[in-house]
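A.B. asks: First, the structure itself, so that you have it in front of you.
Please treat every number below as a calculation from the coordinates, not as lab data. Quick caveat, the model's predicted, so the values are computed rather than measured. Cβ atoms come from the backbone with ideal geometry, glycine included; neighbour counts cover every protein chain shown.
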Amino acid sequence: MYSTLLLAHSYNRYIVLLLLVVVIIKSFSAWRNRKPFDKSDDQWSLFLLIFTHLQLVVGLLLYFVSPWVKFGPDTMKDKFIRYWTVEHTTGMLIAIVLITIARISMKKMSSAEAKHKRLFVFNLLALIVILTIIFFSGRGLLKSTY
Ligand code: HEM
């Protein structure tokens, strides 16, 4: 159970990162070149939201079975326990909120330029947060435990 969840969470990270990069590049280019907001822009941002929320669900399940998530007097003293119990979760939740707000608020905007800009800025911030948090895991940005 634990290894399957970790494997799924770890590999889905590549999908989330790839979708983030695609949405960031597409929205930046469309914003700067004043392109209309078309169906593919909407679909890529929807895929990003779906796989990000899938990552959230698997992350939440992992939280209950991971040997690195512990609550006790040593939680904040041990840097590995602290990272997985507090820092990884908090940082990734912030990134997930940014990706979610990007899409929800973009939907309410009327101008294409504003939509592209919103997707670009919020998703870029989310990418920076995710890369920073993964970097501090000490497991390498693209390495997988399994
Ligand atoms: C965009 C969101 C997220 C990304 C990109 C992400 C990425 C990762 C990565 C790369 C790992 C290490 C996988 C490995 O060692 O092979 C991991 C592990 C883990 N993540 Fe996330 N994560 C995200 C969200 C979350 C959330 C929201 C939670 C908790 C609610 C969470 C809880 C965990 C736990 C418990 C582990 C397992 C640590 C272990 O037992 O080794 N993650 N995550």
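A.B. asks: Which pairs turn up if I take residues in the range 42-57 that are in contact (Cβ under 8 Å) with a residue 24 or more places away in the chain and look for partners that are surrounded by fewer than 16 Cβ atoms within 10 Å (Cβ to Cβ) and in a helix (DSSP H, G or I) with beta carbon separation below 6 Å, at least 6 apart in sequence or on another chain?
C.D. replies: Close Cβ pairs satisfying both conditions: Trp44/Val22.
A.B. asks: Please give the number of the condition Lys77 fails out of (1) away from the ligand (no atom under 16 Å from the Cβ); (2) within 30 Å of Glu113 (Cβ to Cβ); (3) not acidic (Asp, Glu).
C.D. replies: (2)
A.B. asks: OK, next. Run down Ile133, Ile104, Ile96 and say which single residue is out of contact with any helix residue (DSSP H, G or I) (no Cβ under 7 Å at 6 or more places or on another chain), among the hydrophobic types (A, V, I, L, M, F, W, C) and either away from the ligand (no atom under 16 Å from the Cβ) or part of a helix (DSSP H, G or I) (or both). Walk me through it before giving the result.
C.D. replies: Values: Ile133 fails: out of contact with any helix residue (DSSP H, G or I) (no Cβ under 7 Å at 6 or more places or on another chain); Ile96 fails: out of contact with any helix residue (DSSP H, G or I) (no Cβ under 7 Å at 6 or more places or on another chain).
Answer to the selection: Ile104.
A.B. asks: Filter the range 27-41 for residues that are free of Cβ contacts under 8 Å to residues at least 40 places away in the same chain and part of a helix (DSSP H, G or I); which is surrounded by the fewest Cβ atoms within 10 Å (Cβ to Cβ)? Show your work before the answer.
C.D. replies: Of the range 27-41, the ones free of Cβ contacts under 8 Å to residues at least 40 places away in the same chain are 29, 32-33, 38-40.
Now restrict to residues that are part of a helix (DSSP H, G or I): 29, 32, 39-40.
On the way: Ser29: 12, Arg32: 12, Lys39: 7, Ser40: 10.
Checked the range 27-41; the qualifying residue surrounded by the fewest Cβ atoms within 10 Å (Cβ to Cβ) is Lys39.
A.B. asks: Could you grab me the full set of residues in the range 58-74 that are more than 8 Å from the ligand (Cβ to nearest atom), free of Cβ contacts under 8 Å to residues at least 40 places away in the same chain and assigned to a helix (DSSP H, G or I)?
C.D. replies: Residue satisfying the conditions is Phe64 alone.
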